[in-house]
Amino acid sequence: MAAGSRPRIMITDFPSRGGTGPKTGTGRSAASGSHGPDTIAHPRAFSRETRPPTCDRPETWRAPVPLKRFGQHFLQDPAINRFLVAAADIAQGDVVLEIGPGTGALTKELLAAGATVLAVEIDRRLADPLREAFAGERLDVLCADALAGKRKLAPAMIEALSATVLQSGRSGFKWVSNLPYNVATPLIVNMLSLQSPRLLRAVVTVQWEVGRRLVANPGERSYGPIGIQVQLRAEAGILRRISAGSFLPRPKVDGAAVILKPKDNLVPFDEEGFAKFLNSLFAHRRKTLKRCMAMIWGDAGMDTLRSMGLDESLRPERLSPSQLIELYKKISSVSATLCALMPPPRRKNISGTD
Ligand code: SAM
């Protein structure tokens, strides 16, 4: 992909199509998981005034006090939930993964659009009532952490997703979520690496700054390892900005609705090694390629650079994702040991929590 080839920020007005699909439930049983607090009061909770209204079913259920550690900022504007569903272009019977259904406001719109939904919720206080609220509809609720460590999606989630996709006869699934900001980036990177079942399209909300990183072009301030890893695997675009005031409790920053369309011609590569390579290179983003390569990989680095005919006076941040993966493949083929010796990635909070 050439540097600066296209603007990736699209502000698009999608027609709302919520509430169109029939609701013929399959009455499938809900999967069950393990953790999540059972009590409402928690020392690291937001104040009780930030308790979100629940979706309208059941009327008697009161949402628990939101927890910071689970990034619980609930979208209060139904029009935004309908916008996300419309952008995902849901057709009757599409399989949709929703990570973090919370009180079910987005889940409700997905079901109304005709989707078969697998919802994965870490907080049992929310997962259990959600199952009851939508009993008999095309919804499975898995109470689990969607991530199994930083580099892996929860196997139970992938297993349940595979079974749902297989049963539906679809070629893959869509992913629509208002993501918990603190784990949004690892979720996105891991989801785009998933080989099976196939991700067809993702429409998710992230912090505005993270959204900018996902779509940044070479040379831009926000361009870096996360955007490069995402852009290698998918076409990424920002659909719209979502003001912080649309969430309860209000986060410190605005959000972005992001669309990701996975590329289907991607040749598999060592993703962990590439992530380490990017982190090493971007730790010196203001230095020239020549200095970076010599500093990190010595003569082998310089030889690789010359063999590719790249302008040595460029900075790493000027290289496109496809140039960077090519460079990585070359340097790692020269010596696996060299890559193993790369300095550890910088510890930097790229998702940021508030
Ligand atoms: N979808 C709801 C909405 O739009 O109002 C809630 C979104 S809220 C930003 C994020 C949700 O993700 C919360 O319900 C939270 O409990 C859940 N969550 C946080 N971390 C999670 C994880 N690792 N796996 C699954 N769910 C998670």
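The values are calculated or read from the model by the stated rules, or taken from the named source; none is laboratory data. On a predicted model such as this, the values are computed, not experimentally measured, just so you know. Every residue, glycine among them, receives a Cβ derived from its backbone with ideal geometry; neighbour counts consider all protein chains shown.
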Restricting to the range 125-173, give me the number of residues that are small (Gly, Ala, Ser), modelled with pLDDT of 95 or more and in a helix (DSSP H, G or I).
6
Considering only the range 73-110, state which residues are part of a strand (DSSP E or B) and more than 13 Å from the ligand (Cβ to nearest atom).
Val95
When you check Val210 against the structure, is it under 24 Å from Gly255 (Cα atoms) and either within 14 Å of the ligand (Cβ to nearest atom) or basic (Lys, Arg) (or both), yes or no?
yes
In the list Arg57, Arg6, Arg17, Arg44, which residue meets the criterion of being over 23 Å from the mean Cα position of the chain (by Cα), modelled with pLDDT under 65 and more than 16 Å from the ligand (Cβ to nearest atom)?
Arg17
All positions within the range 166-190 that are surrounded by 22 or more Cβ atoms within 10 Å (Cβ to Cβ) and among the aliphatic types (A, V, I, L, M):
Val176, Leu179, Ala184, Leu187, Ile188
Being more than 13 Å from the ligand (Cβ to nearest atom) and within 21 Å of Lys108 (Cα to Cα): is that true of Ser196 here?
no
Just checking, how many residues over the range 150-167 are away from the ligand (no atom under 12 Å from the Cβ) and either in contact with a Cys (Cβ under 8 Å, 6 or more places away or on another chain) or in contact (Cβ under 8 Å) with a residue 60 or more places away in the chain (or both)?
5
Output for Cβ contacts, cut-off 7 Å, separation at least six or different chains, first residue more than 12 Å from Gly104 (Cα to Cα) in the range 124-137, second in a helix (DSSP H, G or I), reads Glu137/Leu111
Quick one: how many residues across the range 114-129 are more than 9 Å from the ligand (Cβ to nearest atom), more than 16 Å from Ala202 (Cβ to Cβ) and either touching a strand residue (DSSP E or B) at 6+ places or on another chain (Cβ under 8 Å) or hydrophobic (A, V, I, L, M, F, W, C) (or both)?
3
Taking the range 191-215, which residues are in contact with a Phe, Trp or Tyr (Cβ under 7 Å, 6 or more places away or on another chain), closer than 16 Å to Ala154 by Cβ and surrounded by fewer than 21 Cβ atoms within 10 Å (Cβ to Cβ)?
Pro197
